[in-house]
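Remarks on the structure that follows.
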Amino acid sequence: MRFSNPVYDGSFADPQIIAVGNDYYAFATNGPLGNVQTLTSRDLVSWEAVGDALPSLPDWTAPGRVWAPEIAAHAPDRYVMYYTSRDTAADRQAVGVAVASTPTGPYVDKSMKPLISQAEEGGSIDASPFQDSTGRRWLYWKNDGNAIGVDTWIYVSELSADGLTLTGPVHRLIKQDLPWEGDLVEAPYMVERNGKFHLFYSGNAFDKATYAVGHALCESPIGPCVKTGDPILKSSPDAAGPGHNMVLGDWFVYHAWDPAQVGTDPKGRTMWLSRLTWDGDRPVVEPPRARNP
């Protein structure tokens, strides 16, 4: 497949894609299309705008900081969205959960409070659902410690079968402890492959060219996890600060900046694809390329 990056050239930060039948649906942080920007495609390359998957917000939050939505499909008529938004009572970001009967919504969150709100740890962001090969569901997220100058941890807890509540203990997996990660790790995404668990994450400042994607190999959905070391995806001449990835088959999906406009809106971060291959238990991601053969 020949294609050009970015595959979506509008503001589309923190992208996640799900496949439903022959269609793909992409979701992203608030922007021109609404609270949860939504696109659809048949080939991952040509995208059409759908609109806002979360047009109404619960009373515990307000528009403006609705970040990093991710969807888990539970049934052909049940989709569960995890998203980040401002817990106005605590004045920190928090994780909410909403449900819809179709992939594009509208998703509805009837809760009176967030699903996760770690105000004492800076807040909670970047929730990512994962279902393992046994059918158990898990939720990963990050405490927003860099907002108050404390450590950032990737957390995980098991989810109830309906995906609406956390069950069992909360586990810490990794924090920022490598030079390239700067003050934070965030944007977790778990993949199971050949009985092993691969935690992808981003590190450093999202609005800098030093933002990049890392990897850790985990023994189970709750760890322990050992980091690979250096980033597996970082800036190239074509794109700066690639990050907040997810995996769709053989593709790495992520956002990146125009190298000449890092940290600058209105266009902001656009959606990119890179080929993913494996060298044993080590993921190999092609660098960001504008032209892909």
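Take region 142-164 and flag every residue that is open to solvent by less than 20 Å² (accessible area, probe 1.4 Å) and aliphatic (A, V, I, L, M).
Passing the criteria: 154, 156, 159.
Evaluate the following for residue 83: is it out of contact with any Ser or Thr (no Cβ under 8 Å at 6 or more places or on another chain), open to solvent by less than 10 Å² (accessible area, probe 1.4 Å), within 20 Å of residue 140 (Cα to Cα) and of a type outside the set (S, T, N, Q)?
It is true that residue 83 is out of contact with any Ser or Thr (no Cβ under 8 Å at 6 or more places or on another chain), open to solvent by less than 10 Å² (accessible area, probe 1.4 Å), within 20 Å of residue 140 (Cα to Cα) and of a type outside the set (S, T, N, Q).
Among the residues of region 176-196, write down those that are surrounded by fewer than 21 Cβ atoms within 10 Å (Cβ to Cβ) and closer than 18 Å to residue 219 by Cβ.
191, 192, 193, 194, 195, 196
Please go through region 253-293 and give me each residue that is part of a strand (DSSP E or B) and open to solvent by 50 Å² or more (accessible area, probe 1.4 Å), ordered by number.
Answer for region 253-293, where residues must be part of a strand (DSSP E or B) and open to solvent by 50 Å² or more (accessible area, probe 1.4 Å): 275, 277, 278, 279, 282, 284, 291.
What pairs come out if I take residues in region 2-22 that are at pLDDT below 95 and pair them with residues that are not in a loop (DSSP other than H, G, I, E, B) whose C-beta lies under 8 Å away, six or more apart or interchain?
2/292
What number of residues in region 108-161 are of a type in the set (Val, Ile, Thr), more than 24 Å from residue 54 (Cα to Cα) and not in a loop (DSSP other than H, G, I, E, B)?
Number satisfying all stated conditions: 2.
For residues that are in contact with a Pro (Cβ under 7 Å, 6 or more places away or on another chain) and among the β-branched types (Val, Ile, Thr), scanning just region 7-44, find the one that is surrounded by the most Cβ atoms within 10 Å (Cβ to Cβ).
Residue satisfying both the conditions and the ranking: 36.
Could you check region 110-141 and list, in sequence order, the residues that are open to solvent by 20 Å² or more (accessible area, probe 1.4 Å), of a type in the set (Ser, Thr, Tyr) and under 17 Å from residue 67 (Cα atoms)?
117
Among all residue pairs at least 6 apart or on different chains, which show Cβ distances below 9 Å where the first residue, located in region 205-225, is on the phi > 0 side of the Ramachandran plot and the second is open to solvent by 60 Å² or more (accessible area, probe 1.4 Å) and part of a strand (DSSP E or B)?
Every condition considered, the pairs that remain are 223/172.
From 226, 170, which residue is open to solvent by 60 Å² or more (accessible area, probe 1.4 Å), among the hydrophobic types (A, V, I, L, M, F, W, C) and over 22 Å from residue 95 (Cβ atoms)?
Sole residue among the options that is open to solvent by 60 Å² or more (accessible area, probe 1.4 Å), among the hydrophobic types (A, V, I, L, M, F, W, C) and over 22 Å from residue 95 (Cβ atoms): 226.
Is one or more of the residues making up region 58-65 open to solvent by less than 20 Å² (accessible area, probe 1.4 Å), of a type in the set (Phe, Trp, Tyr), more than 20 Å from residue 130 (Cα to Cα) and touching a residue at least 60 places away in the same chain (Cβ under 8 Å)?
Looking for residues that are open to solvent by less than 20 Å² (accessible area, probe 1.4 Å), of a type in the set (Phe, Trp, Tyr), more than 20 Å from residue 130 (Cα to Cα) and touching a residue at least 60 places away in the same chain (Cβ under 8 Å), one finds none in region 58-65, hence no.
The values are calculated or read from the model by the stated rules, or taken from the named source; none is laboratory data. Since the model is a prediction, treat every value here as computed from it, not as a measurement. Every residue, glycine as well, gets a Cβ built from its backbone with ideal geometry; the counts of neighbours run over all protein chains shown. The accessibility values were calculated without ligands, DNA or RNA, using every heavy atom of the protein model including side chains. Shrake-Rupley method; radii C 1.70, N 1.55, O 1.52, S 1.80 Å.
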